[in-house]
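Q: Provided herewith is a single structure, encoded as structure tokens, for subsequent inquiry.
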Amino acid sequence: MLPHGSYLVNLAQKDKEKATKAYTSFIDDLKRAELLDIGLFNFHPGSSLGEPRDEAIERIANALNRAHKETSFVKTVLETMAGQGNVIGCKFEDLRDIIALVEDKSRVGVCIDTCHSFSAGYDLRSPEAYGAVMKEFDEVIGFKYLSALHLNDSKAPFNSHRDLHQNIGLGFLGLSAFRNVMNTKEFHDLPMVLETPLAGDDVSVWAKEIKLLESLVGLEADDPTFLALEKEYADKGAAERKVVLDKLEKKEVEKEEKEAKKKEKVEKKAAKDKLKDDKTKKKTPKKTTTAAKKGGKATKDISDSDSSELSELETESDSDASSCGGKH
């Protein structure tokens, strides 16, 4: 069994009051798991909330060290994340760095979420790409820490950093990724959990997906049976994938338009400020200098100033303009 921690708990929280609440909820879950004799507890590492990432990672590890001392045996399992915003765990290195700071290594593990990892930029689709990712996982974290898997297709494209689960074979991961997973010997004794969406209250979809996943065991990537099955499911999900791509494309266009308008506004503001500055310089009254001379006074117009004076005035003017532009 692999229970899942609350999404609201953020062990990376810096604020002391909020961090206390997060830890209180977390340790309560762990103690309940032990009362039920559950040996694994899966959770999202948390978010740095814009604070330095290394400090956030240290706070997570400190919370785990404290929790391990307050419990007996439950293993805390860090989940791979999709990478939205300041979320910790979208890179294998994040989890490696947390584990490095955990004192009791036997009490910490990792859960690979296929949707999250794919969205974070780890390609699981072709046998070659999948093999490279697994090699990287082993080198960075180590298979000895792999404790579970969440099997989900992705409604969002590769490296999109969006956490959108889809039913097996219908999303951008496709059935090939799950054929790779189901034929990885290192995974055979690990708990695998479906987190795929339901259409209404029909839970039978999960039973069908479990049978589908089991049917992939032993199939080669070029097996005609597998290729036909892969196409069948890809065709079923094609319409929804197109809708998602259209939405993402629209958002990208809107983002570019927004950035273009912002840039135009900044340029107009800079031009307006420069024009204002130029007018101010023209209206500036002429400076005079007086020198006591025998028999009378001599004046010197600003136009007669030496080159160093002119240079200094120009520098001050340029400085004001760039400072104004830099604020917008």
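Q: So Phe187 fits all but one of (1) buried (at least 16 other Cβ atoms within 10 Å of the Cβ); (2) at pLDDT 95 or above; what number is the exception?
A: Result: Phe187 passes all but (2).
Q: Given the criteria out of contact with any helix residue (DSSP H, G or I) (no Cβ under 8 Å at 6 or more places or on another chain) and in a helix (DSSP H, G or I), does His116 qualify? Before you say what the answer is, go through the steps one by one.
A: Details: out of contact with any helix residue (DSSP H, G or I) (no Cβ under 8 Å at 6 or more places or on another chain): yes; in a helix (DSSP H, G or I): yes.
Yes: the conditions hold for His116.
Q: A further question on this structure: Residues that are surrounded by fewer than 18 Cβ atoms within 10 Å (Cβ to Cβ), part of a loop (DSSP other than H, G, I, E, B) and of a type in the set (A, V, I, L, M, F, W, C): does region 138-159 have at least one?
A: Scanning region 138-159, I find at least one residue that is surrounded by fewer than 18 Cβ atoms within 10 Å (Cβ to Cβ), part of a loop (DSSP other than H, G, I, E, B) and of a type in the set (A, V, I, L, M, F, W, C), so the answer is yes.
Q: Quick one: Thr20 ticks every box in (1) within 22 Å of the chain's Cα centre (by Cα); (2) assigned to a helix (DSSP H, G or I); (3) of a type in the set (S, T, N, Q) bar one, so which box is it?
A: Status for Thr20: all satisfied but (1).
Q: Phe73 versus (1) of a type outside the set (D, E, K, R); (2) surrounded by fewer than 20 Cβ atoms within 10 Å (Cβ to Cβ); (3) part of a strand (DSSP E or B): which is the lone unmet condition?
A: Phe73 satisfies all of (1) of a type outside the set (D, E, K, R); (2) surrounded by fewer than 20 Cβ atoms within 10 Å (Cβ to Cβ); (3) part of a strand (DSSP E or B) except (3).
Q: Hey, another quick one. Inside region 83-103, can you point out the residues that are out of contact with any Pro (no Cβ under 8 Å at 6 or more places or on another chain) and assigned to a helix (DSSP H, G or I)?
A: Across region 83-103, the qualifying residues are Phe92, Glu93, Arg96, Asp97, Ile99, Ala100, Leu101.
Q: Still on this model: Cβ-Cβ under 6 Å, sequence separation 6+ or interchain: first residue in region 6-19 and surrounded by 17 or more Cβ atoms within 10 Å (Cβ to Cβ), partner among the hydroxyl-bearing types (Ser, Thr, Tyr) and assigned to a loop (DSSP other than H, G, I, E, B). Which pairs?
A: That search, which allows pairs on different chains as well, returns Ala12/Ser48.
Q: Looking at region 44-74 only, could you name the residues that are farther than 16 Å from Leu101 by Cβ and in contact with a Phe, Trp or Tyr (Cβ under 7 Å, 6 or more places away or on another chain)?
A: Filtering region 44-74 down to residues farther than 16 Å from Leu101 by Cβ leaves 44, 47, 49-51, 70-74.
Answer for region 44-74, where residues must be farther than 16 Å from Leu101 by Cβ and in contact with a Phe, Trp or Tyr (Cβ under 7 Å, 6 or more places away or on another chain): His44, Val74.
Q: For residues that are over 17 Å from Cys111 (Cα atoms) and without any contact (Cβ under 8 Å) to a residue 24 or more places away in the chain, scanning just region 179-201, find the one that is nearest to the chain's Cα centre (by Cα).
A: Leu198
Q: Here's another thing I want to ask about it. Checking the condition within 16 Å of Phe118 (Cβ to Cβ) and either within 21 Å of the chain's Cα centre (by Cα) or not hydroxyl-bearing (Ser, Thr, Tyr) (or both), which residue from Ser154, Ser176 passes?
A: Working: Ser176 fails: either within 21 Å of the chain's Cα centre (by Cα) or not hydroxyl-bearing (Ser, Thr, Tyr) (or both).
Of Ser154, Ser176, the one residue that is within 16 Å of Phe118 (Cβ to Cβ) and either within 21 Å of the chain's Cα centre (by Cα) or not hydroxyl-bearing (Ser, Thr, Tyr) (or both) is Ser154.
Q: Among Ser204, Ser215, which is of a type in the set (S, T, N, Q), under 13 Å from Arg179 (Cα atoms) and over 28 Å from the mean Cα position of the chain (by Cα)?
A: On the way: Ser204 fails: under 13 Å from Arg179 (Cα atoms).
Exactly one of Ser204, Ser215 is of a type in the set (S, T, N, Q), under 13 Å from Arg179 (Cα atoms) and over 28 Å from the mean Cα position of the chain (by Cα), namely Ser215.
Q: Out of (1) farther than 26 Å from Leu194 by Cα; (2) basic (Lys, Arg); (3) within 15 Å of the chain's Cα centre (by Cα), what's the single condition that is false for Lys91?
A: (1)
Q: Would you please name the residue that is farthest from the chain's Cα centre (by Cα), looking only at residues in region 119-130 that are touching a residue at least 40 places away in the same chain (Cβ under 8 Å) and part of a helix (DSSP H, G or I)?
A: Checked region 119-130; the qualifying residue farthest from the chain's Cα centre (by Cα) is Pro127.
Q: When you check Ala33 against the structure, is it more than 18 Å from Gly109 (Cβ to Cβ), in a helix (DSSP H, G or I) and small (Gly, Ala, Ser), yes or no? Walk me through how you get there before you give the answer.
A: Working: more than 18 Å from Gly109 (Cβ to Cβ): no; in a helix (DSSP H, G or I): yes; small (Gly, Ala, Ser): yes.
It is false that Ala33 is more than 18 Å from Gly109 (Cβ to Cβ), in a helix (DSSP H, G or I) and small (Gly, Ala, Ser).
Q: Can you find even one residue in region 204-219 that is at pLDDT below 95 and in contact with a helix residue (DSSP H, G or I) (Cβ under 6 Å, 6 or more places away or on another chain)?
A: no
The values are calculated or read from the model by the stated rules, or taken from the named source; none is laboratory data. Remember, it's a predicted structure, so these values are computed and weren't measured experimentally. Virtual Cβ from ideal backbone geometry, glycine too; neighbours counted across all protein chains shown.
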